[in-house]
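The values are calculated or read from the model by the stated rules, or taken from the named source; none is laboratory data. Since the model is a prediction, treat every value here as computed from it, not as a measurement. We place every Cβ from the backbone using ideal geometry, glycine too, and count neighbours over all the protein chains shown.
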Protein chains: 2
Amino acid sequence: MGRPTTPLLSTERIAATAIDLVDRTGGFTIAQIAKTLGVRPSSLYNHVTSKAQIIEAMRSRIFETMPAAESRATGATWEQQVRSLLRSYRDAFAAHPRLVPFLTAQTVSAPDVMRIYDDMARILSAAGLPHSRLLDIITVLDSFVIGSALDLIAPDEVWDAGQAKSAELREAIASADSGRLRADRSFDLGLDLLLGGLAGFGAR
Amino acid sequence: MGRPTTPLLSTERIAATAIDLVDRTGGFTIAQIAKTLGVRPSSLYNHVTSKAQIIEAMRSRIFETMPAAESRATGATWEQQVRSLLRSYRDAFAAHPRLVPFLTAQTVSAPDVMRIYDDMARILSAAGLPHSRLLDIITVLDSFVIGSALDLIAPDEVWDAGQAKSAELREAIASADSGRLRADRSFDLGLDLLLGGLAGFGAR
DNA sequence: ACCTGAACACCGTTCAAGT
DNA sequence: ACCTGAACACCGTTCAAGT
């Protein structure tokens with residue numbers, strides 16, 4: 001059985017199948033992808049050099065649909081622009097929560113993500129924030145988004161009141177939202193705190 | 001060859017060896033741990049039920065050395081207490097950067113970590129922050145610490161100026177610290193921004 | 001150029017057998 | 001109670017052979 005007249009596989013199809021598997025099962029193997037696509041495991045290596053590269057292809061796919069910063073810029077304050085950008089960034093993760101550990105465990109090599117940093121640098125620079133701290137600020141915002149993305153898969157059991165020793169924590173858990181709603185509210189709060197802090201940091 | 005007069009293994013010895021392997025190589029296998037301890041792979045299962053449980057044992061070991069909040073409380077403002085707690089929390093990660101992806105990929109079941117949340121709840125509650133938002137605030141701080149911990153293994157290549165398209169980002173990269181120093185400075189900045197924001201949130 | 005089959009060097013985990 | 005040896009059902013990856 002030699003090569004088909006039209007290719008059965010592509011990096012895109014492989015990445016899409018892998019995303020689907022992670023969404024459904026929390027993981028993926030080369031064999032599972034191959035089986036889903038009706039092909040042999042070794043066939044994948046005509047399109048991809050390693051499992052790590054499949055993860056990078058998944059990352060590209062997740063972030064390529066993110067709207068560019070320009071589409072949000074008209075008439076908005078820099079705070080609104082940053083807020084919108086970070087929310088899109090987090091929402092891209094949130095669309096596939098179980099994928100997050102794979103993406104955060106591995107070094108970024110996708111240009112789609114570098115574009116996000118580019119956009120942030122442009123917005124923050126135009127806002128008048130000190131150039132000497134620009135990368136630090138970007139890192140803070142990036143860290144918060146990534147931490148919040150990981151929070152999406154924290155099961156409510158982590159906040160199991162049964163394990164909390166202090167009355168304060170038990171009470172806090174009892175009056176909190178659960179699941180996705182809780183994660184969303186926390187993300188918005190963090191955004192408020194960070195942007196409020198940046199506003200008093202020399203921005204115009 | 002039956003059981004030895006005195007046990008060759010323990011959960012602690014297994015976890016310590018695994019941490020050492022991750023520090024040195026970035027990963028660990030059951031076989032590597034066994035070889036290091038002069039034992040057969042199957043022997044580990046007399047002390048541990050799975051690889052996941054080894055990771056939890058590593059987590060315990062990493063955080064058990066963290067000082068309790070009480071030891072920092074005397075005469076300090078709540079901001080100083082939170083700052084000190086979060087810094088210890090992050091430093092525990094920072095002592096083993098390559099371990100971070102393993103810890104963040106897996107759900108927490110270690111009481112040592114729950115203790116950190118307990119301490120945060122107690123400090124923030126005493127500070128007068130609204131009880132209804134306590135868990136959200138803890139989540140924000142936790143997300144930031146975890147995101148910052150993952151930033152520790154981001155190689156400087158991520159910030160490779162060659163890939164940055166905008167002049168703003170290229171300039172920011174050029175004038176930034178690199179490696180651990182950059183990560184430390186960013187973490188301190190994030191702490192300032194978040195605590196500053198919390199101060200204007202109804203805290204006394 | 002691209003799919004296949006066979007092979008390689010691993011994985012984590014189980015379990016009856018030993019003392 | 002705890003270590004062993006053998007076995008099981010997988011892993012990701014390589015590569016010569018086919019069209």
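Any residue in the stretch A:40-52 that's without any contact (Cβ under 8 Å) to a residue 60 or more places away in the chain: show its pairings with residues that are of a type in the set (Gly, Ala, Ser) and more than 6 Å from DNA strand D (Cβ to nearest atom) at Cβ separation under 8 Å, as long as the two are six or more apart or on different chains.
A:40/A:34; A:41/A:34; A:43/A:34; A:44/A:34; A:47/A:10; A:48/A:57
State whether one or more residues within the stretch A:81-100 are modelled with pLDDT under 95, among the acidic types (Asp, Glu) and assigned by TED's automatic domain parsing to the domain that holds residue A:180.
Looking for residues that are modelled with pLDDT under 95, among the acidic types (Asp, Glu) and assigned by TED's automatic domain parsing to the domain that holds residue A:180, one finds none in the stretch A:81-100, hence no.
Only one of (1) at pLDDT 95 or above; (2) more than 16 Å from DNA strand C (Cβ to nearest atom) is not met by residue A:9, so which one is it?
All conditions pass for residue A:9, except number (2).
Keeping to the stretch A:47-71, report how many residues are buried (at least 19 other Cβ atoms within 10 Å of the Cβ) and at pLDDT below 95.
Count: 1.
Regarding the stretch B:24-44, can at least one residue be identified that is away from DNA strand D (no atom under 11 Å from the Cβ), within 25 Å of residue B:110 (Cα to Cα), at pLDDT below 95 and part of a loop (DSSP other than H, G, I, E, B)?
No; the residues of the stretch B:24-44 include none that is away from DNA strand D (no atom under 11 Å from the Cβ), within 25 Å of residue B:110 (Cα to Cα), at pLDDT below 95 and part of a loop (DSSP other than H, G, I, E, B).
Could you say whether any residue in the stretch B:123-133 is within 19 Å of the chain's Cα centre (by Cα) and in contact (Cβ under 8 Å) with a residue 40 or more places away in the chain?
No, there is no match, as no residue in the stretch B:123-133 is within 19 Å of the chain's Cα centre (by Cα) and in contact (Cβ under 8 Å) with a residue 40 or more places away in the chain.
If the requirement is being within 13 Å of DNA strand C (Cβ to nearest atom) and away from every other protein chain (no Cβ under 14 Å), which of these qualifies: B:21, B:37?
Exactly one of B:21, B:37 is within 13 Å of DNA strand C (Cβ to nearest atom) and away from every other protein chain (no Cβ under 14 Å), namely B:21.
Could you tell me which numbered condition residue A:48 fails, if it satisfies all but one of (1) assigned to a loop (DSSP other than H, G, I, E, B); (2) aliphatic (A, V, I, L, M); (3) within 14 Å of another protein chain (Cβ to nearest Cβ); (4) within 14 Å of DNA strand D (Cβ to nearest atom)?
Single failed check for residue A:48: (3).
Would you mind finding the one in B:65, B:6 that is within 20 Å of residue B:91 (Cβ to Cβ) and assigned to a loop (DSSP other than H, G, I, E, B)?
Among B:65, B:6, only B:65 is within 20 Å of residue B:91 (Cβ to Cβ) and assigned to a loop (DSSP other than H, G, I, E, B).
Would you confirm whether or not the stretch A:65-82 contains a residue that is within 16 Å of DNA strand D (Cβ to nearest atom) and either under 25 Å from residue B:173 (Cα atoms) or in contact (Cβ under 8 Å) with a residue 24 or more places away in the chain (or both)?
Checked against the condition, which is being within 16 Å of DNA strand D (Cβ to nearest atom) and either under 25 Å from residue B:173 (Cα atoms) or in contact (Cβ under 8 Å) with a residue 24 or more places away in the chain (or both), the stretch A:65-82 yields no hits at all.
Condition check: part of a helix (DSSP H, G or I) and either more than 16 Å from DNA strand C (Cβ to nearest atom) or of a type in the set (D, E, K, R) (or both). Does residue B:84 satisfy that?
In short, yes.
Condition test on residue A:110, is it without any contact (Cβ under 8 Å) to a residue 40 or more places away in the chain, in contact with a Phe, Trp or Tyr (Cβ under 9 Å, 6 or more places away or on another chain) and closer than 30 Å to residue A:179 by Cβ?
no
Which ranges mark the helices (runs of 4 or more DSSP H) fully within the stretch B:87-204 that have 1 or more residues being more than 9 Å from every other protein chain (Cβ to nearest Cβ)?
Counting at least 1 such residues, we get B:100-105, B:111-126, B:167-174, B:179-199.
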